[in-house]
Every structure is written in structure tokens, then in C-alpha cells.
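Q: My structure is below; once you've seen it, I'll send some questions.
The values are calculated or read from the model by the stated rules, or taken from the named source; none is laboratory data. Quantities reported herein were computed from a predicted structural model and do not represent experimental measurements. Here the Cβ positions follow ideal geometry from the backbone for every residue, glycine too, while neighbour counts run over all protein chains shown. For the accessible areas, the whole protein counts, side chains as well, though only heavy atoms, and no ligand, DNA or RNA atoms are used. Shrake-Rupley method; radii C 1.70, N 1.55, O 1.52, S 1.80 Å.
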Amino acid sequence: MIPEQITYSNSKIKSDYWELSTSGQTVSSWFLDVTHPLKFEKLSQNISVDVAIVGGGIAGITTAYLLSNSGKSVALIEDGYIGSGETGRTTAHITHALDDRYYNIEKKHGPKSARIAAESHTAAIDFIESTLMKEGIECSFSKLNGYLFLDATDNKLSLDKEIDALKNAGISTANMQYESPLKSTDISPCICFQNQAQFQPMLYLMGLANTLSTHKEAKIFTETHAQSISNKNSENVIKTDNGCNVTAQNIVLATNAPIIDRVSKIYDKQIAYRTYVIAAEVEKNSIPLALYWDTGNQKSKDHVKPYHYVRIQQTKNAKNDLLVVGGEDHKTGSIIDKKDLESKFKKLEKWMREIFSVDGRVVYSWSGQVLEPLDGLAFIGPNPGNDKSIYIATGDSGNGMTHGTIAGILLHDLILGKKNDWAELYSPNRTTK
Ligand SMILES: Cc1cc2nc3c(=O)[nH]c(=O)nc-3n(C[C@H](O)[C@H](O)[C@H](O)COP(=O)(O)OP(=O)(O)OC[C@H]3O[C@@H](n4cnc5c(N)ncnc54)[C@H](O)[C@@H]3O)c2cc1C
């Protein structure tokens, strides 16, 4: 339910707020117009279904929605509420402009695979648009351009390389632009990606979850923690923290960070990063509605060069827009004190004021975790080491809206035994180069 008049508040602190049920100490700006937990019943008895899905973020909800549409009985269990994980902390750029760059994808996976990556991320954007239209989900969805511009440490060669790789990958709608899309700062030359999108991720999740909950053979359980998973003699059982069993032919672990990894060793193939976001009030429609990314700090020794990502959040009934600016990523665990933490937000604010020339108040600041695969693409498919009835979706990098949607489409096909040309590329079993 959306309150009539929206006012922004400063970041909330843990313990007083339901929004913080699992994944962090601060609250993102999406909770501005989501005023109550996306809550379903708690599991209180043993159940048996075709597919059990753990995790109520974009990957889990999309997978459950699609499998249920195809007639499978599904149970989704979430230990917080719907959107308690990274999907509630995202900035929800919906894009095929992969943050690991197509020239790297082409180098690591080959040109044919780079085309599949482009095709699958484009299909994910289309899927989100068609699904929210079909289900009548209102979630501030807009189609817009995305602009990739140079970080101060980078040079035009990297944009030239990316343009070539984009063409090879079949993305013909991306072009070099020599005119700055921003008046405040000349960010040209830049690559303009057409037909990208953004939405309010919590409203999208809420729409899909509410649709799913009307299906006869679909059940969602929140505040239900998956304590252990067993995969013995072709029987899969999830044991919950309150002692209930969920028996299923297939299990999908859509927990973002997989909760069984002893046999898969999946954490050898990806690295966890912390990333930070601020949101500042700006006059409505004062900044061209688009997604903006820089190419990242090339001096960084990290596997992923920290880059800035920017969008505008427009909320019905709010007096101003919010300029939402993210970046300052570092390996999880490498920041130790509060001063370091505050300096991350301060640096983001300084950069935002320089590039966008805005003086509005910063009214939200939060952080979240992103799993960076060593070869730039998510791991979606059977969990290595188990038989083919347990699936994972992880390693989204900064493209989790599309990777999470790809997970839904791909896992649906794999579980139904349908051929899907994306399977090999996203296989968690692949060797990362
Ligand atoms: C600050 C930030 C900005 C980002 N910006 C973008 C962006 O602009 N565009 C983009 O595409 N991606 C972005 N990402 C990445 C994207 O948000 C994530 O990759 C995506 O939301 C992950 O979705 P998910 O469904 O896999 O996981 P989650 O949303 O984390 O959902 C997993 C769920 O599993 C639940 N869970 C975990 N363990 C258990 C258990 N044992 N039992 C029951 N439930 C459990 C958790 O509570 C959680 O709700 C960003 C991420 C961050 C942190």
C-alpha cells in the first residue's frame, strides 16, 4: 500500500525495523513505498511438492512463478520476508550492458558464448516487461537508455573495444555517442545502450509473489529458515529450523549465496564484494531519466574495478526524485571500522555532486553484497557434486536483475527436461578461466 504523501527519512538503524530482517544494517530507498513486510504464512507441517525453492528474491520468485505456470506444484521458503535479501538492496538497473564488459566475456568464453550472454540478458529484459504487463504489476517500470562513460583513470580504447565486442555479440542498438547526455558534466564520449529498463524491485517482487500465491499448487512460506538439505537415494528433503520437512523431486537454492557448497566448491569460482549506495533528493525531472555507469577505477588491483552506477528513482506522490548512486565496492570483510564505512558514503557523495551538480540532501545510504564470478557470468544449473535434482543460482555480479530472471527461465526448462541453449554457458560445473 502506498501512503498518500511520501516523505523521505534518514537511514534507519537495525532492530527497530522489519525491513532489516536478514541482510544488513541499513534500509534501502525501496522501502519508502513498501510500508509492510511481504509476509506469507510460516511453514508449520511436513509437506511434499514437485519443486521446493529456497529464497524469496528475484531468482527464487521468478523460478517459482514459471514452474507453477507450467503445472508444477511448488513451495517457496524464505527465512525473512519476500525481498529481504539483496533484491531489497539492489539499484535495479535492468540491462544487457554487462558490468564485466563484453570484450572480457568474449575473451574468456569465446564469441559464440558472448552472443548467448547478450541474447539471454536481452531476453530477461523482455521477460520482465511482458510479465509485468501480463500480470498487471505496477512497479514504476520504464524503458530508457543506459550510458557507459569513462572513469577518470580510463581511456577511450576501452569504449572502442567494448563497441567492437558488442557488435560481435549481436547488440546492434548500442552506439558510441559524442554528445554528453548530461548538461552538468561532459561525460562524452560514451556508449549509449538503447532499450534498457528500471523498476521498483520490491513492487515487482510483491506483484509476482501475489500472483503466485493465487495459484492452487503454489505455496509461499516466509519466516521459514532452511536449516539443512539432504539429497540421498533420489529423495530430496529440506529440514526447516522449526523441524518441518519439505520433500521434493527437485530443489532450487535461490539463496544468492548457496547454502550447500561442500561438494560444489562454488565459492572457489566467485568472490564476495560489498557495494555502497546513497540516494539524494533532486528536483523532479531535473536529470535525464537514464542509467549511467562509469568504466571503473583502472588503478584498482581488485578482480572487479570499482565503478559507479546511477539511476533516478521516481516515486508516485513524492515531491522530489531520488538520485541513486552506487559504487565504492571492496572485497567483503576488508573494511573494519565505522570510519572506513562512513568514508565510503562520503566519497560517493563527493563524486555525485561533482558529476551531477546537485545539492539535495542525501536521505538514504545503504550497502549490500554482490557475488563476482571469476569469468563474469552467473552460475545457474545443477549443483556440482549432487545428482541433477538440486539446482543453484549464484554469481550475479552487478547484473542480478537479469541473471535472476535468466535463472527463472533456465531452471524452469532444466527441471521440465526442455532443451535450453543457455545451459552450458551458465553451468555451475564449468571451469572458470
Ligand atoms: C547495492 C546493490 C546494488 C545492485 N544493483 C544492481 C543493479 O542495478 N542491477 C542488477 O541487475 N543487479 C544489481 N545488484 C545485484 C542484485 O541485486 C542481486 O544479484 C539480486 O538481487 C540477487 O537476487 P537473488 O534472488 O539471487 O538473491 P536475494 O535477493 O538475496 O534472495 C535470496 C533470499 O534467500 C533467503 N535465504 C537465504 N538463506 C536462506 C535459508 N537458509 N532459508 C530460507 N531463506 C534463505 C534470503 O533471506 C533472501 O531473501 C545489486 C546488488 C546490490 C547489493
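Q: If you take the residues in the range 267-288 that are within 14 Å of the ligand (Cβ to nearest atom) and either touching a helix residue (DSSP H, G or I) at 6+ places or on another chain (Cβ under 9 Å) or within 20 Å of N236 (Cα to Cα) (or both), which one is most open to solvent (accessible area, probe 1.4 Å)?
A: R274
Q: Sticking with this one: Residues that are among the small types (G, A, S) and within 8 Å of the ligand (Cβ to nearest atom): does the range 373-388 have at least one? If you could, list the steps in order and put the result at the bottom.
A: Of the residues in the range 373-388, the ones among the small types (G, A, S) are 376, 378, 381, 385.
Within this subset, residues satisfying the condition of being within 8 Å of the ligand (Cβ to nearest atom) are none.
There is no residue in the range 373-388 that is among the small types (G, A, S) and within 8 Å of the ligand (Cβ to nearest atom).
Q: Of the conditions (1) within 13 Å of the ligand (Cβ to nearest atom); (2) closer than 23 Å to E162 by Cβ, N297 clears all except one; give me its number.
A: (1)
Q: Out of all the residues in the range 63-83, which are within 10 Å of the ligand (Cβ to nearest atom) and open to solvent by less than 10 Å² (accessible area, probe 1.4 Å)?
A: To start, the set of residues in the range 63-83 that are within 10 Å of the ligand (Cβ to nearest atom) comprises 63, 76-83.
Selection gives T63, L76, I77, G80, I82, G83.
Q: Filter the range 378-433 down to the residues that are at positive phi and of a type in the set (S, T, Y) and list them by number. I'd like the intermediate steps shown before the answer.
A: The first filter runs over the range 378-433 and keeps only residues at positive phi, leaving 381, 385, 395, 397, 417.
S397, the sole residue that qualifies.
Q: With respect to V34, is the statement that it is open to solvent by less than 10 Å² (accessible area, probe 1.4 Å), in contact with a strand residue (DSSP E or B) (Cβ under 8 Å, 6 or more places away or on another chain) and either modelled with pLDDT under 95 or not in a loop (DSSP other than H, G, I, E, B) (or both) true? Don't jump to the end; show me each part of the working.
A: Numbers: open to solvent by less than 10 Å² (accessible area, probe 1.4 Å): yes; in contact with a strand residue (DSSP E or B) (Cβ under 8 Å, 6 or more places away or on another chain): no; either modelled with pLDDT under 95 or not in a loop (DSSP other than H, G, I, E, B) (or both): yes.
No.
Q: Among (1) out of contact with any strand residue (DSSP E or B) (no Cβ under 6 Å at 6 or more places or on another chain); (2) surrounded by 21 or more Cβ atoms within 10 Å (Cβ to Cβ); (3) of a type in the set (F, W, Y), there is one condition W351 misses while meeting the rest; what is its number?
A: (2)
Q: Considering the range 289-334 alone, what residues qualify as being out of contact with any Lys or Arg (no Cβ under 7 Å at 6 or more places or on another chain), hydrophobic (A, V, I, L, M, F, W, C) and open to solvent by less than 50 Å² (accessible area, probe 1.4 Å)?
A: Passing the criteria: A290, W293, V304, V310, I312, A318, L322, L323, V325.
Q: Looking at L182, is it away from the ligand (no atom under 14 Å from the Cβ) and within 18 Å of Q313 (Cα to Cα)?
A: Working: away from the ligand (no atom under 14 Å from the Cβ): yes; within 18 Å of Q313 (Cα to Cα): yes.
Answer is yes for this residue.
Q: Kindly provide the set of residues from the range 204-217 that are of a type outside the set (S, T, Y) and surrounded by 22 or more Cβ atoms within 10 Å (Cβ to Cβ), ordered by number. It would help to see each step written out before you state the result.
A: Step one: list which residues in the range 204-217 are of a type outside the set (S, T, Y), which gives 205-210, 212, 215-217.
Scanning the range 204-217 gives L205, L208, A209, L212.
Q: Report the residue count in the range 202-245 for those that are of a type outside the set (S, T, N, Q) and closer than 14 Å to V74 by Cβ. First the steps, then the outcome.
A: First, the residues of the range 202-245 that are of a type outside the set (S, T, N, Q): 202-209, 212, 215-221, 223, 225-226, 229, 232, 235, 237-239, 241, 243-244.
Adding the requirement that they be closer than 14 Å to V74 by Cβ leaves 208-209, 212, 215-221, 238.
So the answer is 11.
The rows are residues; the columns are (1) out of contact with any strand residue (DSSP E or B) (no Cβ under 6 Å at 6 or more places or on another chain); (2) free of Cβ contacts under 8 Å to residues at least 24 places away in the same chain.
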site	(1), (2)
A124	yes, no
F149	no, no
T153	yes, no
D160	yes, yes
K183	yes, yes
Q198	no, no
M202	yes, no
H215	yes, no
A218	no, no
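Q: Can you pull out the residues in the range 245-292 that are assigned to a strand (DSSP E or B) and of a type in the set (S, T, Y)? Break it down into steps so the answer makes sense when it comes.
A: Filtering the range 245-292 down to residues assigned to a strand (DSSP E or B) leaves 245-253, 270-282, 291-292.
Of everything in the range 245-292, those that are assigned to a strand (DSSP E or B) and of a type in the set (S, T, Y) turn out to be T247, Y273, T275, Y276, Y292.
Q: What are the pairs, 6+ residues apart or on separate chains, where a residue within the range 349-373 that is closer than 30 Å to H109 by Cα has its Cβ under 6 Å from a residue that is more than 15 Å from the ligand (Cβ to nearest atom) and in a strand (DSSP E or B)?
A: From residues that are closer than 30 Å to H109 by Cα, there are no pairs.
Q: Against the definition (among the β-branched types (V, I, T) and more than 16 Å from the ligand (Cβ to nearest atom)), how does I94 come out, yes or no?
A: Values: among the β-branched types (V, I, T): yes; more than 16 Å from the ligand (Cβ to nearest atom): no.
When the stated conditions are applied, I94 does not pass them.
Q: Of everything in the range 189-241, what is acidic (D, E) and under 23 Å from T62 (Cβ atoms)? Give them in sequence order.
A: Step one: of the range 189-241, the residues acidic (D, E) are 217, 223, 235, 241.
The answer is E217, E223.
Q: Among the residues of the range 234-244, are any open to solvent by 20 Å² or more (accessible area, probe 1.4 Å), under 26 Å from G146 (Cβ atoms) and not in a strand (DSSP E or B)? Walk me through how you get there before you give the answer.
A: If we filter the range 234-244 for residues that are open to solvent by 20 Å² or more (accessible area, probe 1.4 Å), which is where we start, we get 234-235, 237, 239, 241-243.
From what is left, the residues that are under 26 Å from G146 (Cβ atoms) are none.
No, the range 234-244 has no match at all.
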